[in-house]
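Peer 1: This is the structure I want to talk about, given as structure tokens.
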Amino acid sequence: MGLGRGSAVVLLLSFLFFTLHSHMAHAATYTVGDGGGWTFNTVNWPKGKRFRAGDTLVFNYSPGAHNVVVVNKSGYDSCKTPRGAKVYRSGKDQIKLAKGTYYFICNYVGHCESGMKITVTAA
């Protein structure tokens, strides 16, 4: 006894929903710097963590004291903000990751040089 056309459609839609729901359920939210937040010496915070496309990074900090700047590798290595870089200033920034490598710094004078920078790669 085979499946009717309606049953096959329901089965297919159920499978697609499960697949999408399963993928979304794996997305994680990471608070950068954990309880200490986005501050000095967070450069090693990503070590041992596995990031995936769809994950969200939350940067908690005091607005006016710090910021979050998305830079390229050169900006990360030199602690310089390239022209056109995206700057976040809310103190509760949420950045959703797509697949790829991301570089973040605080561009207040001396902050990046004091380890207020991270790089993460999302698979």
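Peer 1: Could you check how many residues of the stretch 95-112 are surrounded by 12 or more Cβ atoms within 10 Å (Cβ to Cβ) and either closer than 11 Å to Val43 by Cβ or not aromatic (Phe, Trp, Tyr) (or both)?
Peer 2: Qualifying residue count, the stretch 95-112: 10.
Peer 1: While we're on this one: Just one of (1) closer than 30 Å to His26 by Cβ; (2) touching a residue at least 60 places away in the same chain (Cβ under 8 Å) trips up Tyr88, so point out which.
Peer 2: (2) is the only condition that Tyr88 fails.
Peer 1: In the list Val58, Val43, which residue meets the criterion of being touching a strand residue (DSSP E or B) at 6+ places or on another chain (Cβ under 7 Å), touching a residue at least 24 places away in the same chain (Cβ under 8 Å) and either assigned to a loop (DSSP other than H, G, I, E, B) or buried (at least 17 other Cβ atoms within 10 Å of the Cβ) (or both)?
Peer 2: Checking each option against the conditions leaves just Val43.
Read-outs: derived from the displayed coordinates by stated rules, not from any lab. Only a predicted model underlies this, so the values are computations on that prediction, with no experimental measurement involved. Positions of Cβ are generated from backbone atoms using ideal geometry, with glycine treated the same way; all protein chains shown enter the neighbour counts.
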